[in-house]
1. How about region 118-136: which of its residues are free of Cβ contacts under 8 Å to residues at least 40 places away in the same chain, surrounded by 17 or more Cβ atoms within 10 Å (Cβ to Cβ) and touching a helix residue (DSSP H, G or I) at 6+ places or on another chain (Cβ under 6 Å)?
2. May I ask you to list the residues in region 138-163 that are of a type outside the set (Val, Ile, Thr), open to solvent by less than 30 Å² (accessible area, probe 1.4 Å) and modelled with pLDDT of 95 or more?
3. What is the residue count in region 93-137 for residues that are over 26 Å from Ser77 (Cα atoms), among the hydrophobic types (A, V, I, L, M, F, W, C) and modelled with pLDDT of 80 or more?
4. Just name the residue that is most open to solvent (accessible area, probe 1.4 Å) out of those in region 55-67 that are of a type outside the set (D, E, K, R) and free of Cβ contacts under 8 Å to residues at least 40 places away in the same chain.
5. Do any residues in region 30-46 that are without any contact (Cβ under 8 Å) to a residue 24 or more places away in the chain and at positive phi have Cβ atoms under 8 Å from those of residues that are of a type in the set (A, V, I, L, M, F, W, C) and open to solvent by 50 Å² or more (accessible area, probe 1.4 Å), where the two are at least six apart or on different chains, and which pairs are they?
6. Only one of (1) out of contact with any Lys or Arg (no Cβ under 6 Å at 6 or more places or on another chain); (2) surrounded by 11 or more Cβ atoms within 10 Å (Cβ to Cβ) fails for His52. Which number is that?
7. Exactly one condition in (1) at pLDDT 90 or above; (2) out of contact with any strand residue (DSSP E or B) (no Cβ under 7 Å at 6 or more places or on another chain); (3) crowded, with 18+ Cβ neighbours inside 10 Å; (4) under 26 Å from Gly126 (Cα atoms) is not met by Ala78; state its number.
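The values are calculated or read from the model by the stated rules, or taken from the named source; none is laboratory data. Just so it is clear, the structure is predicted and the values come from calculations on it, not from any experiment. We place every Cβ from the backbone using ideal geometry, glycine too, and count neighbours over all the protein chains shown. Just the protein is used for accessible areas: all its heavy atoms, side chains included, with ligands, DNA and RNA removed. Shrake-Rupley method; radii C 1.70, N 1.55, O 1.52, S 1.80 Å.
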Amino acid sequence: PMGDIERWEAQTAPIITAEGATISEHILREAPETIGEPVRTRILWGLDANVHDYIRAIEFRKLLEARFERTLGAGGSADAILLPTALDTAEPIGDSPMDERSPTDKFRTTRIFNHSHQPSLSVPCGFDAQGLPIGLMITTAKWTDALTLRIGHGFQQATSFHAQRPPL
């Protein structure tokens with residue numbers, strides 16, 4: 001159900017930008033220096049969101065939800081979707097919030113589930129060559145939160161990644 005993710009991202013972008021801007025507007029006004037440039041840019045886009053684009057994005061989100069439910073819901077072809085939490089490993093914490101990567105890149109594989117309303121969980125699944133953590137995203141059908149948690153728990157019982165710490 002995740003094919004054509006670029007189209008989904010584009011068509012649901014008005015939701016995340018408008019809602020994020022609404023929640024974060026006070027920070028932008030009171031302490032803009034605490035928000036990195038990529039996030040500040042998205043907040044500004046959200047403050048200028050067009051209500052017609054927002055409503056169209058909500059309608060598109062309904063199609064997205066239905067597609068995931070056909071795959072994960074009763075009679076679907078899968079009990080869960082497992083994928084990397086992020087396409088890149090974690091980024092080192094910089095000295096300034098202005099140095100962060102774009103949120104678009106960071107959350108590419110996870111934000112779709114914010115729109116489709118699937119219960120999702122990220123669990124540690126290792127470290128990259130620099131010792132930065134790698135995550136595994138577990139997603140199941142709507143209203144199957146307990147299944148999501150059972151899969152995550154089972155993974156942690158079968159592996160020791162959650163107990164490991166990266167070298168400092």
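1. Result: Pro119, Ser120, Leu121, Val123, Cys125.
2. Selection gives Gly152 alone.
3. The number of residues fulfilling the criteria is 4.
4. It comes out as Leu63.
5. none
6. Checking His52 against (1) out of contact with any Lys or Arg (no Cβ under 6 Å at 6 or more places or on another chain); (2) surrounded by 11 or more Cβ atoms within 10 Å (Cβ to Cβ), the one that fails is (2).
7. (3)
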